[in-house]
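Participant: Take this structure first; my questions come after.
The values are calculated or read from the model by the stated rules, or taken from the named source; none is laboratory data. The shown structure was predicted, so the numbers you read here are calculated from the model rather than taken from an experiment. Note that each Cβ is placed from the backbone with ideal geometry, even for glycine, and that neighbours are counted across all protein chains shown. These accessible areas exclude ligands, DNA and RNA; they are computed on the full protein's heavy atoms, side chains included. Shrake-Rupley method; radii C 1.70, N 1.55, O 1.52, S 1.80 Å.
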Amino acid sequence: MPVSLKSRPEPPDRPMLENAMPPPLLSDRHAATAARLPGSGLAWLGDLRGQALASYRAEGLPTRKLEAWRKTPLDHLAGLDLAPAELTAPPAVDTLPPWQRELVQGPSIVFVNGHHHPGLSRLSGLPDGVLIDSLAHLLEHRPALIEAHIGRLATPKGHALAALNAAFMGDGLVVRLPAGIRLDQPLHLINIAAPGAGAIAIQPRHLVILEAGAAMTLVESHTGLGDTAYFANAVTEISLAPKARLRHIKAQLETPAATHLASVTVSLGEDALYDAFTLNSGALLARQETYVDITGRQGEARVNGVYLAAAGQQQDNVTRIVHDTTDSLSRQNFRGVIDAGGKGVFQGKILVKRHAQRTDGHQLNRVLLLAPGARIDAKPELEIYADDVKCSHGATAGELDEDALFYLCARGIPPAAARRMLTEAFAGEAVNEIADQTLRQSFMALVRSWLDTRFGAPA
Amino acid sequence: MALLEISGLRAAVDGKEILTGLDLAIDPGEVHAIMGPNGSGKSTLSHILAGRDGYEVLSGTVRYDGADLLALSADERARAGIFLAFQYPVELPGVTGMNFLKTALNVARTSRGESEMDAMDFLKFVRARAAKLGIDDDMLRRFVNVGFSGGEKKRFEILQMAVLEPRLAILDETDSGLDIDALKVVAEGVNAMRGPDRGLLIITHYQRLLDYIVPDHVHVLANGRIAASGGKELALELEEKGYARFLEVAA
Ligand SMILES: Nc1ncnc2c1ncn2[C@@H]1O[C@H](COP(=O)(O)OP(=O)(O)O)[C@@H](O)[C@H]1O
Ligand SMILES: [Mg+2]
């Protein structure tokens, strides 16, 4: 007998449990935190945080039921007794880890547990009119500037993590370059998590505004101290006016106890350039989300990265490049190296709107699986509504080429060193996307130190 | 003592016997040529000597400098002084020629208990050898064999040989795909390597290369074994009459 939808049996009656679902992670800590957050006296900010909290409460932390999170479990966070970093006194950190100190020459701004650390920061000698400051400080002294920009690009709706960040945001980097100003040296945004005895949640909020024709390089580095768990949930909003150029280079080397989630939302004006490279090699779970809206003609987005996953680690990359105008260009070049027990996820999207004629978009994700038991889930997507476009994507996953290995061995190079050499070369082809030679070398050195732990010293 | 002594070598690939009882001895200072039709097992022999996986030695021995060569891994053989110039050199995307040569040379030096060559000395050392082969710095900065023409690949193989200075060099169809000018450059590079302590095994399909690299001994490989051996005049005879008579004899 056919069963119609109507005749489907009703679920058995059960009493509705008012609080069956526990409140989402951290939301019950908000009340105690809110009054202590920078700018807590500002009505607009109170509203923004309040709305974000409501939105986060309604949606909760992303679960694997969501398409974008199908391969990325956050369940482990629920098991941590996370306290907002704003509530814990930052432990004394009075020196920088050497690799961060040496990564780049130039001005630097340091955040420890998400709080600006003026003592370690070096911001002298910047050109007139350049604003580089902490969000906390500006919320006290120039709130109107922040009000005009914050939350414009990274909207909480439909993005629970951005909402969570907005509910707790208190500090982060704010950069504004006036029209035509170019910074000769990269600015180094240094992030250190020092959780001390108890697990903490850090919600950095960064804002980068380049006015017309301004140009700079922003280098971000992330690390942690100790082995206590921490959860970093960073949100960055970047607004690039016509002809502005931002190179945004990031090294994520968090501790194995870290969960590192970061989203970057970029609005790209006419003839502007956003050129990003991210190295993800740290953390238990890291996820880099990059959203670029190209709204200005001839805007150019380059989003590249290397991800290295050892046993137990998961490295995610999510990109979404929206071509929302004519004659724009995007390039993505990602390379993953995954070891036994490691996992990578790549979800890359190019969306070309109907009017975005002559779009030139290309995406490539190549993965090297070092051993059986390495996993990659790749979902490249092209969504194209315009008819005059040049778009492509490619995704590969495989092991080292046996012929290449034999070639190296036939020149006397021992097998382990040969594997290492080919792996380095593989990752290097994405590191080569970094335009600046000095930075390219610094990042290659970071890749090499990861290879040292995996393969031993080079030949 | 022979530098290389192959006795009764039988070897199979995927269960198919390719070498069917091959004997060959090369003394230091000698240049041997192996000629044979396509599919006769020339590359199989070169791969087995170099230590490539996937070949099953059914019986026979290979002694190098008196020791059991087949007991060594590919990289150990190379460090012991065996060099194979590949018939089909492999692309190494992301590995520059300079880096490749430097790594290989320093591995060889450290295994001999010598110190690594410093960067400036190495540059001079390589440039001097590269120049003779018409290889400029630009080519050395490119990724190994990626986008190289056939001639560039073969010249780069010879450069590797010149840098590594092996005791036994096996050249697998280094002449194939070369025009006459490139052939002369390659042959000069090979002749420069001739010396009292070094053995050379030139594998070729055509006699042409042997006009420029004159061998001491010529062998015909047919049906997986040496079907005939002679002096350099054997190569000319093969050029004239082809391999048919050796194949018939064996059949
Ligand atoms: N990997 C392989 N699997 C199966 N057969 C092979 C393989 N490599 C070579 N052969 C076979 O072995 C024989 C000899 O090949 P090869 O040594 O390359 O000859 P040559 O170099 O003299 O042209 C050929 O019949 C070839 O088809
Ligand atoms: Mg062959």
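Participant: Has the stretch B:36-54 got at least one residue that is surrounded by fewer than 18 Cβ atoms within 10 Å (Cβ to Cβ) and more than 16 Å from ligand 2 (Cβ to nearest atom)?
Facilitator: Yes - at least one qualifying residue is present in the stretch B:36-54.
Participant: Across the stretch B:7-17, which residue is nearest to ligand 2 (Cβ to nearest atom) among those that are open to solvent by 10 Å² or more (accessible area, probe 1.4 Å) and of a type in the set (Gly, Ala, Ser)?
Facilitator: Among them, the one singled out is B:Gly15.
Participant: Another one. I'd like to check something: does the stretch B:209-219 contain any residue that is surrounded by 19 or more Cβ atoms within 10 Å (Cβ to Cβ), more than 14 Å from chain A (Cβ to nearest Cβ) and within 16 Å of ligand 2 (Cβ to nearest atom)?
Facilitator: So far as the stretch B:209-219 goes, yes, one or more of its residues are surrounded by 19 or more Cβ atoms within 10 Å (Cβ to Cβ), more than 14 Å from chain A (Cβ to nearest Cβ) and within 16 Å of ligand 2 (Cβ to nearest atom).
Participant: Let me ask something else. So in the stretch B:51-97, with the set limited to residues that are among the acidic types (Asp, Glu) and facing another protein chain (nearest Cβ under 9 Å), which one is farthest from B:Leu164 (Cα to Cα)? Please lay out each step first, then the result.
Facilitator: The first filter runs over the stretch B:51-97 and keeps only residues among the acidic types (Asp, Glu), leaving B:53, B:56, B:65, B:68, B:75-76, B:91.
Subsequent filtering for residues that are facing another protein chain (nearest Cβ under 9 Å) retains B:53, B:75-76, B:91.
Details: B:Asp53: 23, B:Asp75: 13, B:Glu76: 14, B:Glu91: 19 Å.
It comes out as B:Asp53.
Participant: Next up: So, in the stretch B:17-50, how many residues would count as being within 9 Å of ligand 1 (Cβ to nearest atom), within 14 Å of chain A (Cβ to nearest Cβ) and either among the charged types (D, E, K, R) or over 14 Å from B:Arg225 (Cα atoms) (or both)?
Facilitator: 1
Participant: Which one of these is in contact with a Phe, Trp or Tyr (Cβ under 9 Å, 6 or more places away or on another chain) and β-branched (Val, Ile, Thr): A:Thr95, A:Thr63, A:Thr88?
Facilitator: Details: A:Thr95 fails: in contact with a Phe, Trp or Tyr (Cβ under 9 Å, 6 or more places away or on another chain); A:Thr88 fails: in contact with a Phe, Trp or Tyr (Cβ under 9 Å, 6 or more places away or on another chain).
On inspection, the qualifying residue turns out to be A:Thr63.
Participant: Something else about it: From the residues in the stretch A:409-438 that are more than 30 Å from B:Phe83 (Cβ to Cβ) and crowded, with 20+ Cβ neighbours inside 10 Å, which one is farthest from the other protein chains (Cβ to nearest Cβ)?
Facilitator: That would be A:Ile434.
Participant: Next question. For A:Asp377, are the conditions met, namely being modelled with pLDDT of 95 or more, over 30 Å from B:Ala85 (Cα atoms), more than 14 Å from chain B (Cβ to nearest Cβ) and open to solvent by 30 Å² or more (accessible area, probe 1.4 Å)? Full working, then the answer.
Facilitator: Values: modelled with pLDDT of 95 or more: yes; over 30 Å from B:Ala85 (Cα atoms): yes; more than 14 Å from chain B (Cβ to nearest Cβ): yes; open to solvent by 30 Å² or more (accessible area, probe 1.4 Å): no.
No: the conditions fail for A:Asp377.
Participant: Out of A:Gly119, A:Gly196, A:Gly106, report the one residue that is in contact (Cβ under 8 Å) with a residue 60 or more places away in the chain, more than 22 Å from A:Leu42 (Cβ to Cβ), more than 23 Å from the chain's Cα centre (by Cα) and not in a helix (DSSP H, G or I).
Facilitator: Going through A:Gly119, A:Gly196, A:Gly106 in turn, the sole match is A:Gly196.
Participant: Could you tell me whether B:Leu4 is within 16 Å of ligand 2 (Cβ to nearest atom), away from every other protein chain (no Cβ under 14 Å), modelled with pLDDT of 95 or more and surrounded by 17 or more Cβ atoms within 10 Å (Cβ to Cβ)? Spell out the reasoning first.
Facilitator: Details: within 16 Å of ligand 2 (Cβ to nearest atom): no; away from every other protein chain (no Cβ under 14 Å): yes; modelled with pLDDT of 95 or more: yes; surrounded by 17 or more Cβ atoms within 10 Å (Cβ to Cβ): yes.
Spelling it out, it is not the case that B:Leu4 is within 16 Å of ligand 2 (Cβ to nearest atom), away from every other protein chain (no Cβ under 14 Å), modelled with pLDDT of 95 or more and surrounded by 17 or more Cβ atoms within 10 Å (Cβ to Cβ).
Participant: Could you check the stretch A:439-459 and list, in sequence order, the residues that are under 30 Å from A:His188 (Cα atoms) and either open to solvent by 60 Å² or more (accessible area, probe 1.4 Å) or facing chain B (nearest Cβ under 8 Å) (or both)?
Facilitator: Within the stretch A:439-459, A:Arg440, A:Gln441, A:Arg448, A:Asp452, A:Thr453, A:Arg454, A:Ala457, A:Pro458 qualify.
Participant: Report yes if B:Lys154 is within 16 Å of ligand 1 (Cβ to nearest atom) and assigned to a helix (DSSP H, G or I), otherwise no.
Facilitator: yes
Participant: Mind checking which residues of the stretch B:113-140 are free of Cβ contacts under 8 Å to residues at least 40 places away in the same chain and not in a helix (DSSP H, G or I)?
Facilitator: Within the stretch B:113-140, B:Gly113, B:Glu114, B:Ser115, B:Glu116, B:Met117, B:Asp118, B:Ile135, B:Asp136 meet the criteria.
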